[in-house]
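A quick write-up on the structure given underneath.
The values are calculated or read from the model by the stated rules, or taken from the named source; none is laboratory data. This is a predicted model, so every value here is computed, not measured. A quick note on method: Cβ atoms are made from the backbone with ideal geometry, for glycine too, and the neighbour counts reach across all protein chains shown. Heads up: the accessible areas ignore ligands, DNA and RNA and are worked out on the full protein's heavy atoms, side chains in. Shrake-Rupley method; radii C 1.70, N 1.55, O 1.52, S 1.80 Å.
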Amino acid sequence: MLAFILRRLAQSVAVLLTVAIIAFAMFRFVGDPVNQIVSLDTPAEQVEQVRKDLGLDKPVYIQFVRYIGNALKGDFGQSYQFRQPVTKLLAERAPATLELALMSALFSLIVGIPMGVYTALYRNGFGAKLFQAVSLIGVSLPTFLIGILLIYLFSVHLGWLPSFGRGQVVKITDNWTTGLLTLSGIKALILPAITLGLFQMTLIMRLVRAEMLEVMRTDYIKFARARGLKTRVINFGHALKNTLVPVITIAGLQLGSIIAFAIITETVFQWPGMGVLFLKAVQNVDIPIMAAYLMMIAALFVLINLFVDLLYAAVDPRLRATIRES
Amino acid sequence: MTQPVLSVRDLSVAFFTRRGVLKALDRVSFDIAPGEVLGVVGESGAGKSLTGQSVIGLLEPPGRITGGEILLHGQRIDNIPADEMRKIRGRKIGMVFQDPLTSLNPLYKIGDQLTETILTHLPVSATEARQRALALLTEVGIPSPDRRIDSYPHEFSGGMRQRVVLALALCAEPELVIADEPTTALDVSVQAQIIALLKKLCRERGTAVMLVTHDMGVIAETADRVAVMYAGRIVEIGPVREVVQNPKHPYAQGLMGAIPTLEGGRDKLVQIEGSMPQLKNIPAGCAFNPRCPHAFARCFVEKPDLVPVDHSRVACYLYDDKRAENAA
Amino acid sequence: MTETTAPHKDPSWLARALDSDIWHSFKSSPVTMLAAFVVLVMTLAALFAPLIAPMNPFDPAQVFLMNANIPPRWMNGGDPQFLLGTDDQGRDLYSAILYGLRVSIFIGVIGVAIACTLGVTLGLVAGYFGGRVDSFIMRIADVQLTFPAILIALLIDGIVRGLLKSASREDIAFGVLVVSIGLAFWVQYARTVRGSTLVEKGRDYIQAARLVGLPAPLIMIRHVLPNVIGPVLVILTINVGLAIITEATLSFLGVGLPPTQPSLGTLISIGNKYLFSGDWWIVTFPGITLALFVLSINLLGDWLRDALNPKLQ
């Protein structure tokens, strides 16, 4: 078990390192970081001082080590646009994005899995065909269009839900605010969460459907039928359990990408999260923010991956056995 | 004569595909008496497994029963509601699949799979079901069953898993077991053990067996009677000694000639020329006519029915002299 | 399936193709036929936009600001000149949609072509050489899978912005988009082709070819490619839809194409600003066009996947 975790950790570190190299290369070679800090009339010696302060006079590999060291301390430098530490900017906006991502993830799982099971079990029924059609429309509509559609319907036309912002937020700790404790916060969350989750939901639905159809064809399901087990037991015991094992992995990775997809939703709903910050950074070539965001997504992905592996081991006895042996 | 456990009468099955209707079983009829082992042999695609699936009511689309009836103790079971049929599966008719590696759900302990089957069919408590499961595991020869009952399928070898599958098929004391190629996927060294076990368990319980296989050796050792299938029809059915030692139908003769005997000297290994036709181009008349060394004009026009010859029944005009004369 | 992979070997390949399972499943699915029809009509309309469109929305001489935000013809205040109304710069929306669709399809097709070429090549290389080359390429693929395509495209766009002066940005926006999409979508092809290559590599004929000194890689490519045509075709179809969505999204986010050469995404982005003032048509018609086209492509992709999957037959 320990060896398994260690091996996974090593792989994770490798991924993170690769991303760190990319992030550092961006930071170092896309535009001159010094020029972003000094202004045109800064005296030459002062420019040189800034260069020294940033360690840019050292060999590249030392700069890289320094970059990594700083990153581990949570220091990704100063934003060019805001003249503030990147970490602080991201931390301020993290609660908004994480809350949004979590809600959409829940939404996509709670709605997607039952829909997938239903379409697999009654695949020739009217309901299944309807769900299939809806899911296809779901993957065909760009997220931003769905957002616009929802805004038009529920905000402009019906006036039920707000079309932008987080509503009223409550401060839980110094750097954590939540919109989940106020009515306006919850109302503000509904449309963005659905917008963000809809695409994932259709993916999960299609995935569950495909896996379940696959499982229904296996010998052990046929054998379960031959043993005269009740259909309900076969469908929701045997088949569903086996379906969900591979779904866990892919769904986990999909959910990881929700945070990145949030860029679009946040833009549509002017949601004050990290995605909007990243987009502004791209538009204004604010490399430190871009690099930090990149690293953050990678770290998150690695974490989710690790978690999914452990979950997988908890569900699948075969994997548990191989882990124990290794 | 006692009433047979299973009677299959003129069973026809067809596949409804977009390329047309393919006849997969053509008026198949046979009986199985209580405690009897009926071997069903033939090449793959002859309809052996399909017959088994039809009997247990697990025919998969696009396959469908198009005619005939299946009777269990004289009661029709081919047209009863799905839930009635479900209650018969496992309880009255058990089934053993070919591949023990894929027949067991990898995510469930074997003990749970056993107790769940027992509880579905028998009015016992969970504790009793578990005791029963333990007894069964002992009976099928799983060493230290009290420890192994909580193991997952992957922790067993192929042979052991097939023993578990046998236990599962028999756990509600069915009167008939359909064993579909139960040893094909196993190591040769294990095959004999499993067959012996199947035979022993069924004899003790008086369970009838429909043993589907293409292994004539297994049939010769195990079966009381044999049905030889070819292209969706039974071409010969009779007591095992008679069919093996004195086959009547030219196809059966070819098939039996293909069994290597220990004495070796009796016959040289015979090979049947050509191969069985695909469902979509079964020839008119007797399906065996393109490969039959004795085929004559009538064989290309009419389908022979099973007629009694000695103790067997054979579908071949070579044994239909009187009718052949009448027709001529 | 064999009918379509090697039709040229048989003189009557057309007859056989018409009898093939794929064609049959096509004919028996009205939805698929409708989708194919929609894709065909829209592609042709986009291709011949200059001939069909009432005006050229890119020609300043034909665009007048005083015509801005005119509603569709059938509405109050509509102008018979503008079937679907006009956008904020006075461009005929119908013409703009045709031209925008043209841009979207161009970017989608070229971007996916780049992704496919790159992915197939890298997949072959990884599968054939194995070892370090393989693990290097596949590790990159793994890392890239960490990030959604849209994020990759955004990053590339950001880097290009950083490397180039702003003046030239508009000129190369098209190129940047295409390359971003190409780099964002190659992984799936590489994985598929690599898998198939690994299978073929173990086959006897490859060993034999090596022994007698024949160019094994060439022989293998000839054997691998027919095997992966099916899956690659499915990915290709679905990716064209995804690429068009990605382009539209990037343009909507303001890092894609500039408003002077609008794609469907740009038009939607413009329209979004006027949604609250009630000018719903600027966003609606480009939106419907985009959704309809991508939906049709996805329907085709879904059908193709099922038709090529022998398990489902």
* Structure fact -> For chain A, longest principal axis from Cα atoms; helix A:126-140 axis from its Cα atoms; angle between them, nearest 10 degrees, is 10
* **Model label zone, B:Asp146; criterion: amide N under 17 Å from point 7 Å along Cα-to-beta-carbon; scope region B:101-134** => B:111, B:127-134
* Structure fact -> Any aspartates and glutamates whose Cα falls less than 17 Å from that of C:Lys201, other than same-chain ones fewer than 8 residues away, would be C:Asp134
* To do: Can you send over the carbon and sulfur percentage of the accessible area for region A:213-326, probe radius 1.4 Å, protein chains only?
  => 65
* **Kirkwood hydrodynamic radius of the protein assembly as shown, from inverse mean 1/r over distinct Cα pairs, in Å** => 33.1
* To do: Report, for the protein assembly as shown, the % of DSSP beta bridges that are antiparallel, rounded to 5.
  => 65
* Structure fact -> Most fluctuating of B:Ser103, B:Ser12, B:Ser189 in the GNM of chain B (C-alpha, under 10 Å) is B:Ser189
* Ordered by packing density, taken as the mean number of other Cβ atoms within 10 Å over each peptide's residues, highest first, how do A:253-260, A:81-88, A:157-164 rank? -> A:253-260, A:81-88, A:157-164
* Protection-proxy order for peptides B:200-213, B:17-30, B:173-186, each taking the mean of Cβ atoms within 10 Å per residue, highest first -> B:173-186, B:200-213, B:17-30
* Structure fact -> Straight-line reach check, B:Lys48, cutoff 26 Å on alpha carbons, 8 or more apart in-chain or any other chain, hits among lysines -> A:Lys222, B:Lys23, B:Lys87, B:Lys92, B:Lys199, B:Lys200, B:Lys248, B:Lys280, B:Lys303, C:Lys311
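Averaged over its residues, how many other protein chain Cβ atoms are within 10 Å of peptide C:273-282's Cβ atoms?
Numbers: counts 0, 0, 6, 5, 1, 1, 0, 3, 0, 0.
For this peptide, the per-residue mean of nearby foreign Cβ atoms is 2.
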* Roughly how many Å² is the accessible area per residue of region B:101-211, as a whole number, for a 1.4 Å probe? -> 37
* Structure fact -> Expected unfolding gain across B:Gln131-B:Arg205 under the 0.36 nm per residue rule, minus the alpha-carbon gap, is 24.8 nm
* Asked: If one puts a single equal scatterer on every Cα of chain B and applies the Debye formula without solvent, what log₁₀ I(q)/I(0) results at q = 0.12, 0.13 Å⁻¹?
  -> -0.86, -0.99
* A:Lys230-B:Ala82 pseudo-label distance in nm [points 7 Å out on the Cα-to-Cβ vector] -> 1.5
* **Taking all pairs of distinct alpha-carbon atoms in region A:87-283, Kirkwood radius in angstrom** => 18.2
* Asked: How large is the accessible surface per residue of region A:190-253, computed with a 1.4 Å probe and reported in Å² as a whole number?
  -> 31
* Structure fact -> Given a Förster distance of 35 Å, the FRET efficiency implied by the Cβ-Cβ spacing of C:Ala208 and A:Arg7, rounded to the nearest 0.05, works out to 0.40
* Asked: Along the positive direction of the dipole of region A:87-283 (beta-carbon charges: Lys, Arg +1; Asp, Glu -1; about the Cα centre), which of A:Leu89, A:Ser135, A:Ala210 reaches farthest?
  -> A:Ala210
* Structure fact -> Per GNM of chain B with C-alpha springs under 10 angstrom, the most fluctuating residue out of B:Gly67, B:Gly35, B:Gly274 is B:Gly274
* Measuring from label point to label point, each 7 Å out along Cα→Cβ, what is the A:Ala91 to B:Thr66 span in nm? -> 7.6
* Asked: If you take the beta carbon distance between C:Lys273 and A:Gln283 as r and set R0 to 22 Å, what does 1/(1 + (r/R0)^6) give as a FRET efficiency, to the nearest 0.05?
  -> 0.85
* To do: Quote the charge dipole size of the protein assembly as shown about the Cα centre in Debye, to the nearest 20; the model charges only the Cβ of Lys and Arg (+1) and of Asp and Glu (-1).
  => 800
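Over both sides of the A-B contact, add up the buried accessible area with a 1.4 Å probe and give it to the nearest 100 Å².
2200
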* Just from its helices, what would the mean residue ellipticity at 222 nm be for the protein assembly as shown, if runs of 4 or more DSSP H residues each count -39500 (n - 2.57) and the sum is divided by every residue, rounded to the nearest 500 deg cm²/dmol? -> -19000 deg cm²/dmol
* Structure fact -> Averaged over the residues of B:49-62, the number of partner chain Cβ atoms within 10 Å of each residue's own Cβ comes to 1
* Within 10 Å, count the other beta carbons around each residue, average over each peptide in B:300-311, A:136-147, and list them highest first. => A:136-147, B:300-311
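Between A:Val156 and A:Lys241, how high is the FRET efficiency from 1/(1 + (r/R0)^6) when r is the Cβ-Cβ distance and R₀ = 56 Å? Nearest 0.05.
Taking R0 as 56 Å, the efficiency between A:Val156 and A:Lys241 is 0.80.
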* To do: Could you work out how far apart the two model spin labels at B:Val21 and A:Leu130 are, taking each label as a point 7 Å from the Cα in the direction of the beta carbon, and quote it in nm?
  => 3.5
* Structure fact -> Note: A:280-286 gets an average of partner chain Cβ contacts (10 Å, Cβ to Cβ) equal to 5
